[in-house]
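Below is one structure, written out as C-alpha cells; comments come after it.
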Amino acid sequence: MKAENQAALSKPLLIGLLREAGLDWLYVGKVLLAIFMGGGLAMRLDLQQPATTMLTVALVMHPASGMVLAKSFYRAVGTLVGCGAAIALVGLFPQQRELLLVGMALWIGLCAAGASLYRNFMSYGFVLSGYTVAIVVLPVVQHPQALFDSAVMRVSEVMLGILVAGLVGDVLFPQRLRMALRQQLSGQYSGFLAFVRGSLGGVLGRDALENAHMRFVGETIQVENLRSSVVFEDAGVRAHSPRLRQLNQRFMEVSTSYQTLHHLMNRMHAPHHHDTRQRLMQLCEFAATALEDDCEPDPAAAARLSQALQKAERELPGKISEQRQGLTSPREQLDFDTGAELLSRCLQELQAYVQAYALLRRPGVPTAAQKEVVFQHGNDHLGALMCGVRATVTMLVMGSFWIMSGWVHGGSAMMLATIFTGMFASAPNPSAVVRQITLGFATGMPLAFLCQFMVLTHMDGFVLMVAGTLPFLLIGLYLTTRPTLAGYGTGFVLSFIYLLNLHSPMTFDPVYVVNEGISQIVGVLAVAVAFSLFGNASSNRWLRNRLLRQLRSQVARACELPLPGLRDRVESATRDLFMQIMVHAGPRARDWLAWALSVHETGRAVVELRRLQASLPDTQQGVVGAVLEAFAALYRSDEGKQESARQRALRALDTAMAAVSDRPALRQLHLLRLALLDTESVLAAPLSPYLSSYQEAATDAP
C-alpha cells in the first residue's frame, strides 16, 4: 500500500519533469532550425556575413513567441538607428580615425546609459543602436567609401535573422505569453483575496507584512513586464492594455492601503488603545464577511464579489457609527476615526480592484481614465551616467590600444567589447554574467577550431555542414535552458558561431581563426575588467545607497510634484525602485524593506493630505504646507540628521493638528504622526525629551 502511494505521488512529478524537459528540447530544436534556416538563406542571398544572421537568431530566440516578437521589434529599431548614427559619424569625421573613434565611444556610452534606464526589451533597442555603430563602422574604418554598403549588408543580415526567428517562433509550436499573463493575473487576484480574507479579522506581524510586501512588489512588476511583451503577440491584449495597466494600478493602491491598515492596528497594542482597537477589529470582521463569497479568479465570480463588496461598503458607515458610540476621549475618537477611514478606503479600493478584474475581458473600448494610467519607472540617472561612462572609457581604451598597437584584429576585440559592454549594462549582476560568458567563450573557441578544421574540411554542401556543426550547437543551446548555466551556454554559442564564420564559399585559414580567437578573449577580458572597476549596484554599495535615497525621495516627490496623476506615479515608482534594490542586493534587500514599507505608507498619506489641502482655508493650508515641507526634508535627510528632521516634522504636525478643523485632513495628519511615533518604524530613534513630552501631550490631543 505504501509503495502504491509513493508511485501515485511520484507520477505527477515525473510527468512534470518530462514535460519541462520536452519543452526545453523543443526550444533547442526550434533555435537550431532557425539558425540553419537563417544561415542558409543568407548564403543563398549572397550576403557578406551569414554568421551575423545566425547570431541574430541565437540572440532573438526565446521559448515564448511574444518575447521573440518584442526582442525582434526593438532589435530592428535599434539596428536602423545604429546604422543611421554610423553614417552620420563617418560623415562628420571621414578622414579622422581618432575623432571617429571618440564619437563612436560617446554614442555607445549614451546608448549604454539609455539601456540602464529601462527594464524591458526597450533596453535591448538601446544596446543594439550602440553596438551596431561599431559593427558597421569598424570593418570599413580604413575605407569609409564602403560604409553605405556595410550598413545595407548589416541591416539585411539582421532583418533576415529577425524574420526567420519570428517566423519559427510564432508558427512552429508557439508558446503564447498570454497564457502566462492570464495565469499571473489569476494567481495575483486569488492570492491577494486569500491573503486579505485570512488576515482582515486578525493581526499581522511586521515580518508577515514585509514578506507580503515583497511578494506584492514582485507580482506587480511581473504583470507589467508580461503586459509590455504580450502586446506584440496578441491583438486582444494590445487592445485591452489600458485595462491591464489600470488593474495593476488598482492592485498597488489596495495593497498599500491594506498594509497601512495593519500598521495602524499594530500600533494600537498599548493598553490605552485596547478599547479602540477592539472596536476597529469588529469593523474588520464585518468587512471580512463580504469575502466569504466566491473568490475564484473567474469574471462571473468577480462580478458577484464586487456586488457583495459594494453592499458591505454601503453598510459600513452604519457599523462605524455603532462602534463609535461610547468613545468620549478626543484621542480615542481620533484613533478610531483614522482606522475606520482606512478600512473604508481599503474596502472601496478592494471593490475597485475586483471590479477591474471582472471587466478585464469584456469587449469594449478602454475609457479615458484607463488610458491615462501609466506605470512610472524609478531611475537613478547618476547610475545610468556611470554606465555610460564605463562604456565610453572601455571603448576609448580599446580604440587607443588598437591604434597604437596596429594589431589587425584589434577592431574585432573592440567590436566584441562594445557588444558586451552595452548588452550587460542593465544586467542585475554583470560581473557574474561576464565570468560565465568568458568561460563559455573559452570553451567555444577551441571547439569552433576543431569543427572547422577537423570536421567541415571533410564535408561538402549545406546539408553536411549542418550535420557537422549541429552536435556542437546542440550542447551550447541546451546549456542556455539551464538557469545556472545560461550565461555559459550563451558565451559558448556566440563564440562558436562567430569564430566559425560560416559563409559561401567557405575558406579555411587557421592563422585568421587563431587571431580572431585571441581578439575574442581580449574583448571579453576588457569587459570583465570594466565591470570590475566600474560595477553597478550589485557590487557597488554607494550605488545601492543611491537607489535607497531615490526610494526615500519618492515621499518628497509626493510632497512637491503636481497633484494630477501623482498617486499612480508614486505607487509604481516606489515598487520599481524597490524591485531594483531586490535584484541588486539579493538577500540583503531585507535590510531596506522597512524603508519601502515606510515610503509606501507615508507617500500615500501625503498624497491624500494634499488632495484635502486645497479645500482648507488659507491659514490652514499654510500649516499643512509646513508639514509637507518637513516630511520632504525628513525623507531626504542623511542618517546623522534624521532625528532632528523627525522632530521638526513632529513640531509641524503638532502645529497643524491644533489649527486644522477639517476632520478628514486631521485624520491624515494623525496617521502621519502615528507613523513617526512608531517605535518599530525605520525612522525610530532613541526618544528625546521633546518626543517623550510630545507622546504624553498626544494622549489628550483633539
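Please treat every number below as a calculation from the coordinates, not as lab data. Model, not experiment: these values are computed from the prediction. As a convention, Cβ positions derive from the backbone with ideal geometry for all residues, glycine included, and neighbour counts pool all protein chains shown.
Please work out the Cα center distance from segment 517-558 to segment 15-87, rounded to the nearest Å. Taking the Cα centre of each part, segment 517-558 and segment 15-87 sit 28 Å apart.
Once the Cα atoms are used to define both axes, helix 2-44 deviates from the longest principal axis of the chain by about 50 degrees. Extents of segment 111-201, taken as max minus min of Cα coordinates on every principal axis and listed largest first, are 75, 35, 12 Å.
If you take the alpha carbon atoms of the chain and fit the smallest convex hull around them, that volume is 195 Å³ per residue.
Spin-label model, residue 463 to residue 92: label points 7 Å out along the Cα-to-beta-carbon direction sit 5.3 nm apart.
For segment 304-384, the fraction of C-alpha pairs farther apart than 15 angstrom is 72 percent. For segment 301-452, the spread of Cα coordinates along the three principal axes comes to 89, 44, 32 Å, biggest extent given first.
Compute the FRET efficiency between residue 282 and residue 362 as 1/(1 + (r/R0)^6), taking r as their Cβ-Cβ distance and R0 = 41 Å, and round to the nearest 0.05. With R0 = 41 Å, the Cβ-Cβ based efficiency is 0.65.
Sequentially through segment 475-483, phi angles give Karplus couplings (6.51, -1.76, 1.60; θ = phi - 60°) of 5, x, 5, 5, 5, 5, 7, 8, x Hz, Gly and Pro residues having no value and appearing as x. How far apart, in nm, are two points set 7 Å out from the Cα along the Cα-to-Cβ line at residue 313 and at residue 274? About 3.6 nm, to one decimal. What whole-number distance in Å separates the alpha-carbon centres of segment 387-408 and segment 259-295? Using only Cα atoms to place each centre, the spacing works out to 63 Å.
With a Förster radius of 25 Å applied to the C-beta separation of residue 197 and residue 679, the computed FRET efficiency comes to 0.25.
Gain in length, residue 611 to residue 190, computed as 0.36 nm per residue apart minus the alpha-carbon separation, to one decimal in nm? All intermediate terms of the calculation are to be shown ahead of the outcome.
Numbers: separation 421, 0.36 × 421 = 151.56 nm, distance 3.17 nm.
Extra length from residue 611 to residue 190 when fully extended: 148.4 nm.
Computed over segment 61-141, the percent of Cα pairs more than 16 Å apart is 51. Each of 403, 320, 419 was scored by other Cβ atoms within 10 Å of its Cβ. Arranged with the fewest first, they read 403, 320, 419. Extension gain, residue 401 to residue 239, is 53.1 nm, computed as 0.36 nm per intervening residue step minus the present C-alpha separation. Counting neighbouring beta carbons within 10 Å and listing from fewest to most, the residues 602, 655, 289, 132 come out as 289, 655, 602, 132.
Report the paramagnetic label zone for residue 486: residues of segment 392-431 whose backbone N is under 16 Å from a point 7 Å from Cα along the Cα-to-Cβ axis. Flagged as within label range: 423-431.
Where does each of 380, 509 land when they are ranked from fewest to most other beta-carbon atoms within 10 angstrom? Before the final figure, lay out the partial values.
Values: 380 20, 509 12.
With the sparsest Cβ surroundings first, the list reads 509, 380.
Using a Förster radius of 45 Å, what is the FRET efficiency between residue 503 and residue 542 based on their Cβ-Cβ separation? Nearest 0.05, please. That pair, residue 503 with residue 542, gives E of 0.45. Residues within the reach of a label modelled at residue 148 (point 7 angstrom out along Cα to beta-carbon, backbone nitrogen below 20 Å), restricted to segment 80-120, are 80-96.
Taken over the Cα atoms of segment 419-477, the convex hull encloses 101 Å³ per residue. In sequence order, segment 128-140 has phi-based couplings of 5, 5, x, 7, 5, 4, 5, 5, 7, 7, 4, x, 10 Hz under the Karplus curve 6.51 cos²θ - 1.76 cosθ + 1.60, θ = phi - 60°, and Gly or Pro positions carry x.
Using 0.36 nm per residue of separation minus the Cα-Cα distance, give me the extension gain between residue 512 and residue 298 in nm, one decimal.
70.8 nm
Relative to 2.2 N^0.38 Å, what does the C-alpha radius of gyration of segment 278-325 come to as a ratio? Two decimals please.
Values: Rg = 12.3 Å, N = 48, 2.2 N^0.38 = 9.6 Å.
Normalised by 2.2 N^0.38 Å, the Cα Rg of segment 278-325 equals 1.29.
First obtain the Kirkwood hydrodynamic radius of segment 541-698 from its Cα pairs, then insert it into the Stokes-Einstein equation at 37 °C and 0.692 mPa s, and state the resulting D in µm² per second as a whole number. Write out the running numbers ahead of the final one.
Working: Rh = 16.1 Å.
In µm²/s, the coefficient rounds to 204.
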